[in-house]
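The structure appears below as structure tokens.
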Amino acid sequence: MNRLFKSVDFPFEKRTGKEAFEIRKAIVSRQCFSEKECSTISNLIVKKVDPQFQLHCNLPNCGKDCKFYRVQCSNHGCPLIMSRMYIDEHDEQCRYKIIECECGERFPRHELAIHNAQACKLRYVECPYKKMGCNVAVRACDLQKHLEEEANTHLMFAVNRMMEYQDVINNLNTRVGKLEKENKTLKHTVDNHVRKSTTDLSELNKKFKKTSKTLADHEATCKKEFIKLSL
């Protein structure tokens, strides 16, 4: 802030308003400039760093006709403000400038890509029957005419595709039938294994009980013999 004020000093002894400037300087040193003050100080700085008048006018009170007069872009929605000398250059690329397409539609320049991709009547589009075999690309405005003129061709494409689908469905039905038979066979095999496993488990359980009883008898006999030997 101090460097800013030093760059905008009062070089003339008889210059008026210096005392008021010093008072305001003390205030804004701790606060912020208003928009009007920012503009005024910016103008002073520009005049100091531009002695050759490349960025500002050397005529006092030059008015709105000056090429350096700040004007806002006239295109609706554009917030930019610039010197009058740059307004034409900006207008050639302003995103908000209304442009006209060859199809007759008018819209802001920034909507050009969307217009070309989705709305332009002169854009090329694929035939709705492309997946059925029609590879013709026509302008969007001629699509309805193409559909009417090639209705018979499109019908043949649709019939051929339906026949292909029917073949696919028949093949799928055949495969489903085979899978159902294989599933029945597997189910029968699994059921047999389950029954056999159940029987085997039952037999093993009986053998286990018999073996447990035999071991218990042997254990009792051993205890009796051990008692006899201890006596």
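The values are calculated or read from the model by the stated rules, or taken from the named source; none is laboratory data. Since the model is a prediction, treat every value here as computed from it, not as a measurement. No Cβ is skipped: glycine too gets one built from the backbone with ideal geometry, and neighbour counts run over all protein chains shown.
Would you confirm, using the coordinates I've provided, whether residue 107 is free of Cβ contacts under 8 Å to residues at least 12 places away in the same chain and surrounded by 14 or more Cβ atoms within 10 Å (Cβ to Cβ)? When the stated conditions are applied, residue 107 passes them.
Within the bounds of segment 107-122, is there any residue that is hydrophobic (A, V, I, L, M, F, W, C), under 32 Å from the mean Cα position of the chain (by Cα) and over 30 Å from residue 80 (Cβ atoms)? Checked against the condition, which is being hydrophobic (A, V, I, L, M, F, W, C), under 32 Å from the mean Cα position of the chain (by Cα) and over 30 Å from residue 80 (Cβ atoms), segment 107-122 yields at least one hit.
Give 59, 44 a once-over and let me know the one that is modelled with pLDDT under 90 and loosely packed, with under 12 Cβ neighbours inside 10 Å.
On the way: 44 fails: loosely packed, with under 12 Cβ neighbours inside 10 Å.
Step by step, each of 59, 44 is checked, and only 59 is modelled with pLDDT under 90 and loosely packed, with under 12 Cβ neighbours inside 10 Å.
Condition first: more than 56 Å from the chain's Cα centre (by Cα) and part of a helix (DSSP H, G or I). Can you find one or more residues in segment 166-185 that meet it? No. Against the condition surrounded by 11 or more Cβ atoms within 10 Å (Cβ to Cβ), at pLDDT below 90, among the hydrophobic types (A, V, I, L, M, F, W, C) and outside any helix (DSSP H, G or I), how does residue 21 come out, does it pass? Here the answer is no, as residue 21 does not meet what is asked.
The rows are residues; the columns are (1) of a type in the set (A, V, I, L, M, F, W, C); (2) within 28 Å of residue 75 (Cβ to Cβ).
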site	(1), (2)
110	no, yes
117	yes, yes
127	yes, no
130	no, no
138	yes, no
144	no, no
155	yes, no
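Across segment 88-104, the qualifying residues are those that are in contact with a helix residue (DSSP H, G or I) (Cβ under 7 Å, 6 or more places away or on another chain) and surrounded by fewer than 15 Cβ atoms within 10 Å (Cβ to Cβ), and the one among them that is nearest to residue 73 (Cα to Cα) is 95.
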